[in-house]
Protein chains: 2
Amino acid sequence: MNSRMKQSDTILKDSALSITSSRRKILDIFLSSESALAHQDIETKCSDQYDRVTIYRTLQTFLEKGIIHNIPTTDNSIKYALCSDSCITTGHHHDNHVHFRCDACEKTLCLDDVSIPSVKLPSGYSINEINMVVTGVCKSCRK
Amino acid sequence: MNSRMKQSDTILKDSALSITSSRRKILDIFLSSESALAHQDIETKCSDQYDRVTIYRTLQTFLEKGIIHNIPTTDNSIKYALCSDSCITTGHHHDNHVHFRCDACEKTLCLDDVSIPSVKLPSGYSINEINMVVTGVCKSCRK
DNA sequence: GTTGGTGCAAAAATTTTGCAGGGTG
DNA sequence: CACCCTGCAAAATTTTTGCACCAAC
């Protein structure tokens with residue numbers, strides 16, 4: 001990969017996606033955001049530059065390619081976040097880190113350094129994926 | 001509480017809610033379901049006996065009273081499940097059990113016996129609530 | 001009888017789908 | 001130049017809100 005390439009372009013190339021203006025923009029938004037984003041957030045950050053439908057389709061594409069993952073929420077909003085590098089390259093997606101939702105700033109963060117503790121299920125259950133979402137007050141709001 | 005009372009009536013009384021036909025019905029549906037239910041599921045099980053709007057409002061009321069809790073999902077459907085007894089009486093809601101979503105039958109179960117392992121967050125974060133959702137194949141589908 | 005819950009109607013918001021035109025490789 | 005992506009239009013679905021009537025206590 002050409003290291004002078006934009007990071008977003010590299011990611012798109014690696015995922016065998018054609019490089020288009022909207023994909024680049026949306027990817028850049030994720031790259032520069034430290035928190036998970038809802039469809040709505042992306043629309044706002046695009047300053048309505050792109051059609052709502054395009055955003056739906058782009059997020060769908062990114063999900064399928066494993067570029068982003070979605071985070072479970074208890075409200076009905078789906079949040080998306082960039083996958084870590086390892087996650088992108090493996091193709092098959094496994095989030096093994098904890099997600100944190102701050103009740104104060106309402107942001108959802110990926111705590112990449114906090115791995116999900118193992119859990120023992122009753123016999124008969126096979127585990128595919130584990131999600132853990134912690135709510136509380138984040139470091140920034142605590143200050 | 002009169003022990004000959006319907007269980008649903010007892011729950012409603014304890015939550016200081018007036019007993020109405022729809023509330024009773026919806027509560028009975030939860031009481032007799034072993035898996036978490038989406039709004040849509042409830043509508044179906046009501047055989048369209050009640051207005052869609054009533055179901056929205058009833059679920060909202062139950063949530064506020066702590067009779068049911070909602071379970072995080074990665075799709076946009078919100079799932080609801082009955083709270084355990086302790087949960088109802090305390091008022092303030094804490095789910096400390098794991099939820100399991102089966103990829104085969106697509107049901108979401110409360111694994112009441114599996115408590116969520118503790119997790120250590122970086123300093124500066126305070127924890128309010130923890131949700132853990134495991135996906136895989138459940139006991140019944142495994143057979 | 002008063003209060004609060006339900007049903008109906010309608011609006012608002014979200015998500016999906018089809019198709020023609022335009023950009024990417 | 002062939003194919004895929006985007007934008008626009010429209011439909012379908014989900015959720016919210018207002019109001020008059022009816023049931024619960």
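The values are calculated or read from the model by the stated rules, or taken from the named source; none is laboratory data. Fair warning: this is a prediction, and the values are worked out from it, not measured in the lab. Quick reminder, even Gly has a Cβ in these numbers, built from the backbone with ideal geometry, and neighbours come from all protein chains shown. Just the protein is used for accessible areas: all its heavy atoms, side chains included, with ligands, DNA and RNA removed. Shrake-Rupley method; radii C 1.70, N 1.55, O 1.52, S 1.80 Å.
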Residue selected from the range B:18-38 under the condition in contact (Cβ under 8 Å) with a residue 40 or more places away in the chain and not in a strand (DSSP E or B), by the criterion nearest to DNA strand D (Cβ to nearest atom):
B:LEU27
For B:ASN70, all conditions in the list (1) in contact with a Leu (Cβ under 9 Å, 6 or more places away or on another chain); (2) more than 26 Å from A:HIS99 (Cα to Cα) hold save one; what is the number of the exception?
(2)
Residue check, B:LEU111 without any contact (Cβ under 8 Å) to a residue 60 or more places away in the chain and more than 16 Å from DNA strand C (Cβ to nearest atom)
yes
Can you find a residue in the range A:28-39 that is within 14 Å of chain B (Cβ to nearest Cβ) and in contact with a Cys (Cβ under 6 Å, 6 or more places away or on another chain)?
no
Would you mention how many residues in the range A:8-52 are within 18 Å of the chain's Cα centre (by Cα), exposed (fewer than 14 other Cβ atoms within 10 Å of the Cβ) and away from DNA strand C (no atom under 13 Å from the Cβ)?
3
Can you find even one residue in the range A:118-136 that is away from every other protein chain (no Cβ under 13 Å) and without any contact (Cβ under 8 Å) to a residue 24 or more places away in the chain?
no
Filter the range A:109-128 down to residues that are in a strand (DSSP E or B) and open to solvent by 50 Å² or more (accessible area, probe 1.4 Å) and give me whichever is modelled with the lowest pLDDT.
A:ASP112
